[in-house]
Structures are given as structure tokens and as C-alpha cells.
Amino acid sequence: MSETTKHIALCCPGGPIARDLAEKTARIAAARFGDRMKLYFHDQCFLEAGHFAGSDAERSAAFIEVANNAEFDAVWFARGGYGACRLDDALFAKLNEHARAKTFLGYSDAGSLLARLYKEGIGNPVHGPMPTDLPRQGGEEAIARALSFLADGDRSALEPNVKSDSKFAAFNITILAHLVGTQWMPDLSDHVIMLEDVSEYLYRLDRAMFSIMGDQGVKRARGIMLGRVSDIPENDRPFGKTEEEIIKDWCARANIPYIGRADIGHDADNKIVPFGGTNIA
């Protein structure tokens with residue numbers, strides 16, 4: 001195990017976090033890794049501009065700053081929450097060789113950024129826990145899982161189906177549906193696509209799958225796996241299918257293999273999924 005200190009920068013491409021959450025996360029890193037792990041929370045994490053952690057320009061500038069900084073080994077998104085897709089589209093052309101060597105870790109709405117980075121071939125995008133998972137039951141272990149992956153590339157933190165002989169991508173269903181048809185959508189041909197969601201009516205998930213299955217890359221995927229779909233609101237009429245039945249139905253319609261369940265979701269058990277296959281040992 002390497003004793004090299006890893007320097008991890010955190011920013012918020014969507015909503016803000018509280019300072020006490022940053023402090024708690026830093027304490028966990030210090031307790032588990034000592035001098036081998038240093039976290040740097042950008043001041044932008046604590047800005048507030050309505051729903052967002054600062055204006056679009058402030059969030060874009062913070063992301064470029066930490067991504068391009070040679071002192072940081074990785075960028076860890078501190079929170080999801082709507083906003084990542086509003087970052088300045090021109091910023092991706094401004095990312096330098098240091099950004100291209102970094103790991104970028106997050107999930108939920110941050111999946112928009114992971115998708116665009118993956119499409120542009122910038123760095124190593126990774127779906128996995130964020131500091132805002134800390135208040136969940138078992139949240140400290142989720143944070144430790146992310147830190148262990150960032151510190152040592154801990155393979156025990158990976159989603160169990162992730163193997164080196166395949167390409168993978170993981171998304172929130174609603175986020176992926178909104179990426180389809182935009183210049184942020186990566187080519188997911190020959191990928192195993194893992195999907196999850198939270199707090200969505202079943203009919204909305206069904207509608208989102210209609211959009212997702214319209215993407216040509218998705219139609220050429222190796223297969224689709226379903227993670228956890230949690231906190232499903234009760235509609236005035238039962239939808240008539242479970243979340244898994246919805247995914248199976250749309251896979252059958254598009255002639256895409258349904259592979260089974262994945263260990264990802266908006267919860268503390270959310271496992272880590274590196275995009276692609278080249279960064280998996």
C-alpha cells in the first residue's frame with residue numbers, strides 16, 4: 001500500500017453543503033488515513049445563490065480551478081442536487097493535462113458532469129458516494145468506501161459486477177434521460193449500463209426509459225442492470241409494474257439484454273463504478 005499523500009479537492013457543481021458536513025468528512029479522512037489523505041473544500045462549496053452553490057459562473061470557475069490544479073490528485077463532488085448541467089459548456093475545452101490525469105467522483109446530478117467528462121475523454125469519471133451521504137444510516141462507511149478508493153484504488157469498494165473485461169457506466173435514471181440528445185451524452189455502445197433512482201413516481205421512470213431507449217449508443221449497449229429505486233411516491237392509481245418490470249419491459253422493447261440487479265443507489269450501500277474499463281485493474 002502506497003504511503004504517498006493523496007490531495008483531494010471538493011467542489012459543488014449543484015447545491016451547497018454546510019461547513020459542519022465538510023468538517024465531519026475531513027475528520028473521517030484524518031482518522032482513517034492520517035497524513036496519507038488531505039481534503040481541500042473549495043470555498044464555493046459554501047456559497048448560496050438560490051438553489052445553487054453560487055452562480056453558474058462561480059460553480060464553473062471553481063470546477064476548472066480544482067480540475068486544472070496539479071496539486072490535486074482527484075476531484076470529489078461534495079453534493080449532487082440539480083445544477084451540474086448548467087456549468088459553462090466552454091469549460092471542457094479549458095481543462096488541461098492535469099485534469100486529464102484526475103479521478104472525478106460523484107453520482108446523482110453530478111452524473112451529468114461524469115457523462116461529459118467521459119465523452120470528452122477527460123480523466124477517470126467514477127460513480128460513487130459523496131459527503132452528503134454522511135447523514136444517512138451507515139453514511140460513515142459510504143464515505144470511507146469513497147476515501148479508500150481515492151486513496152488506494154481499493155477494489156473491494158467496487159460494485160461486485162464490475163470486471164476488467166467489460167466497460168461500465170452508472171447513472172441516475174432521470175439524469176440519463178435528460179442527457180439523451182444533448183452534447184453531454186456519451187457513447188454507451190458495448191457498455192454495461194447500471195441505473196438507479198430516488199423519489200420518482202413509477203410512471204415517470206417509465207417515461208424516462210422511453211427517452212433513454214431512444215439513444216443509439218444505449219441500443220448498442222452490452223446490457224442494462226438495475227440498482228435500487230428508493231422512496232417511490234404513491235400515485236393516485238397504481239402503475240401496475242414494479243421498477244424492475246419497467247426496466248425489463250423497455251429492455252425487451254429495445255432488444256437490449258437485462259442483466260440483473262446492481263449494488264448502487266441513493267443510499268449508504270452505494271458501491272463504486274468507474275466509467276469505462278481502462279482504469280480497472
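Could you look at the chain and say what percent of its accessible area is carbon and sulfur, using a 1.4 Å probe and all protein chains? Working shown, then result.
Details: 5640 of 12010 Å².
The C+S portion of the solvent-accessible surface of the chain is 47 percent.
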Roughly how much of D88 is accessible, in Å² to the nearest 10, using a 1.4 Å probe? 70 Å²
Please compute the contact order of the range 103-248 in relative form: average sequence separation of alpha-carbon pairs under 8 Å and at least six residues apart, divided by the residue count, as a percent. 21 percent
I'd like the orientation of helix 139-152 relative to the chain: the angle between its Cα long axis and the longest Cα principal axis, in ° from 0 to 90, rounded to 10. 70 degrees
Karplus-derived HN-Hα couplings along the range 249-255 (A = 6.51, B = -1.76, C = 1.60, θ = phi - 60°), whole Hz, x at Gly and Pro: 4, 5, 5, 5, 4, 8, 6
The long-range amide H neighbours of D88, using H built 1.01 Å from N in the peptide plane and a cut-off of under 5 Å, are S60
Surface accessible to a 1.4 Å probe, L21 within the full protein complex, Å²: 20 Å²
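Per residue of the chain, what 222 nm ellipticity follows from adding -39500 (n - 2.57) for every DSSP H run with n ≥ 4, rounded to the nearest 500?
Working: 8 runs with 86 residues, N = 281.
Value at 222 nm, helices only, nearest 500: -9000 deg cm²/dmol.
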For M194, distant residues with modelled amide H under 5 Å away: A169, A170, F171, M225
Dipole-positive endmost among F104, A29, A144 within the chain (Cβ charges, Cα centre): F104
Area accessible to solvent at R228, 1.4 Å probe radius, in Å²: 70 Å²
With contacts defined as alpha carbon pairs under 8 Å and 6 or more residues apart, what's the relative contact order of the chain in percent? 17 percent
Amide H neighbours of F41 at under 5 Å, excluding residues fewer than 5 places away on the same chain, with H built from the backbone geometry, are L10
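Using a 1.4 angstrom probe on the protein heavy atoms only, could you order E159, E120, E141 from most to least accessible area?
Details: E159 5, E120 75, E141 100 Å².
Per-residue accessible area, sorted high to low, gives E141, E120, E159.
Which order do you get for Y203, Y82, Y258 if you rank them by accessible area with a 1.4 Å probe, largest at the top? If you can, show how the numbers build up before the last one.
Numbers: Y203 80, Y82 110, Y258 55 Å².
Highest to lowest solvent-accessible surface, that is Y82, Y203, Y258.
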In degrees, nearest 10, the alpha-carbon axis of helix 111-120 is tilted away from the dominant principal axis of the alpha carbons of the chain by 80 degrees
Sticking with the crude label model, points 7 Å out along Cα→Cβ, report the distance from D165 to N255 in nm, one decimal please. 2.5 nm
For the range 198-204, take each phi angle, set θ = phi - 60°, evaluate the Karplus expression 6.51 cos²θ - 1.76 cosθ + 1.60, and give the result in whole Hz per residue in order, putting x for glycine and proline. 8, 6, 10, 4, 4, 5, 6
Past 30 Å, Cα to Cα: identify those pairs from K6/K219; K38/K94; K24/K119; K163/K219; K119/K271; K38/K219, in the order given. K6/K219; K24/K119; K38/K219
Angle check, please: helix 56-68 long axis (alpha carbons) against the longest principal axis of the chain (alpha carbons), in degrees 0 to 90, nearest 10. 70 degrees
Just need log10 I(q)/I(0) for the chain at q = 0.06, 0.08, 0.09 Å⁻¹, Debye formula, equal scatterers on the alpha-carbon atoms, no solvent, rounded to two decimals. -0.17, -0.31, -0.39
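At a 1.4 Å probe radius, which order do L87, L134 fall into by accessible area, largest first? If you can, show how the numbers build up before the last one.
Numbers: L87 5, L134 30 Å².
Ranked from most to least accessible, the order is L134, L87.
If I take R0 = 25 Å and measure r between the Cβ atoms of D190 and K248 in this structure, what FRET efficiency does the formula 1/(1 + (r/R0)^6) give, to the nearest 0.05? List each step's numbers first, then the result.
Values: r = 21 Å, r/R0 = 0.83.
Calculated value: 0.75.
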Work out the length of the dipole vector of the range 138-225 about its Cα centre, built from +1 on the beta-carbon of each Lys and Arg and -1 on the beta-carbon of each Asp and Glu, and round it to the nearest 20 debye. 360 debye
Taking only protein heavy atoms into account and a 1.4 Å probe, give the accessible area per residue of the chain in Å². 43 Å²
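The values are calculated or read from the model by the stated rules, or taken from the named source; none is laboratory data. Model, not experiment: these values are computed from the prediction. With ideal geometry, Cβ positions are generated from the backbone for all residues, glycine too; neighbour counts draw on all protein chains shown. Quick note on the areas: whole protein, heavy atoms, side chains included, nothing else; ligands and nucleic acids left out. Shrake-Rupley method; radii C 1.70, N 1.55, O 1.52, S 1.80 Å.
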